[in-house]
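A short worksheet on the structure shown next.
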Amino acid sequence: VTEVTRMESPSAVISSNVPLNLRGAMTPGIEPRDVGVAVYFKRNGKAMVMAKEITPQMQRRERSISRLAKALLGHGVTVRWAADVTWRFSGAYDRVLRELVINLGALSNRWPSEPLCSENVLRFLIHEFAHEWEGDHLSYDYQQACCKLGARCTALALEHPDLFQDEE
């Protein structure tokens, strides 16, 4: 059973390293090299956090992530929340939709209240935002994207420390 089948996710693949056809669909029969990156956003609605369940702390974290993304990537991102303990991934980033899914089922419900400048939060964001350039976790280009984002974070922290301050 493939990861795609296990996740019951027939559509909306991201960063899978599977060639797309002229219509933008995945080439049939080819499995992603790194199934950890072949994360699907349309999971039959399973375990996505509903808008009415999003706390003020989560809303503040969404805004701070989007601000940081704009500085690091040149554009903001939309943040969506999941709470799925059966989904083994902490998150997923779709570079086409510019959408970041954060899975509190893997990270914990305390994650939105951790400081934006904490190692835990920045490590997660750097990992996901590196998919802006490369989907394959095992590739040299992905490693370089992580390094580039780490360096950009350092420069931004020195030049614009307010960017890393959480809203009150």
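The values are calculated or read from the model by the stated rules, or taken from the named source; none is laboratory data. Everything numeric in this text was worked out from a predicted model, so none of it was measured. Here the Cβ positions follow ideal geometry from the backbone for every residue, glycine too, while neighbour counts run over all protein chains shown. Areas reflect the complete protein model, heavy atoms only, side chains present, ligands, DNA and RNA absent. Shrake-Rupley method; radii C 1.70, N 1.55, O 1.52, S 1.80 Å.
Remark: Leu138 falls outside the filter, which requires a residue to be farther than 23 Å from Ile54 by Cβ, open to solvent by less than 70 Å² (accessible area, probe 1.4 Å) and touching a residue at least 60 places away in the same chain (Cβ under 8 Å).
For the stretch 135-145, which positions are farther than 16 Å from Phe89 by Cβ and in a helix (DSSP H, G or I)? Answer for the stretch 135-145, where residues must be farther than 16 Å from Phe89 by Cβ and in a helix (DSSP H, G or I): Tyr140, Asp141, Gln143, Gln144, Ala145. Applying a threshold of 7 Å to beta carbon distances and a minimum spacing of six or more residues, or different chains, the list of pairs starting in the stretch 94-111 at a residue that is free of Cβ contacts under 8 Å to residues at least 40 places away in the same chain and ending at one that is of a type in the set (Lys, Arg) reads Ala106/Arg88.
Assess whether Asn103 counts as being open to solvent by 20 Å² or more (accessible area, probe 1.4 Å), within 16 Å of the chain's Cα centre (by Cα) and farther than 14 Å from Arg67 by Cβ. No. There is at least one residue in the stretch 119-134 that is touching a helix residue (DSSP H, G or I) at 6+ places or on another chain (Cβ under 9 Å) and in a loop (DSSP other than H, G, I, E, B). For the stretch 155-164, the count of residues that are closer than 17 Å to Ala71 by Cβ, surrounded by fewer than 19 Cβ atoms within 10 Å (Cβ to Cβ), of a type in the set (Gly, Ala, Ser) and in contact with a Phe, Trp or Tyr (Cβ under 6 Å, 6 or more places away or on another chain) is nonzero. Examine the stretch 68-89 for a residue that is open to solvent by 10 Å² or more (accessible area, probe 1.4 Å), in contact with an Asp or Glu (Cβ under 7 Å, 6 or more places away or on another chain), hydrophobic (A, V, I, L, M, F, W, C) and not in a helix (DSSP H, G or I), and state whether such a residue exists. Yes, that holds for at least one residue. Total residues in the stretch 64-86 satisfying the condition of being touching a residue at least 60 places away in the same chain (Cβ under 8 Å) and within 19 Å of Asn120 (Cβ to Cβ): the figure is 6. Each residue in the stretch 118-131 was checked for being surrounded by fewer than 16 Cβ atoms within 10 Å (Cβ to Cβ) and either touching a residue at least 60 places away in the same chain (Cβ under 8 Å) or not hydroxyl-bearing (Ser, Thr, Tyr) (or both), and 3 pass. Taken over the stretch 96-118, the criterion of being at pLDDT below 90 and assigned to a loop (DSSP other than H, G, I, E, B) is satisfied by Val96, Leu97, Ser108, Asn109.
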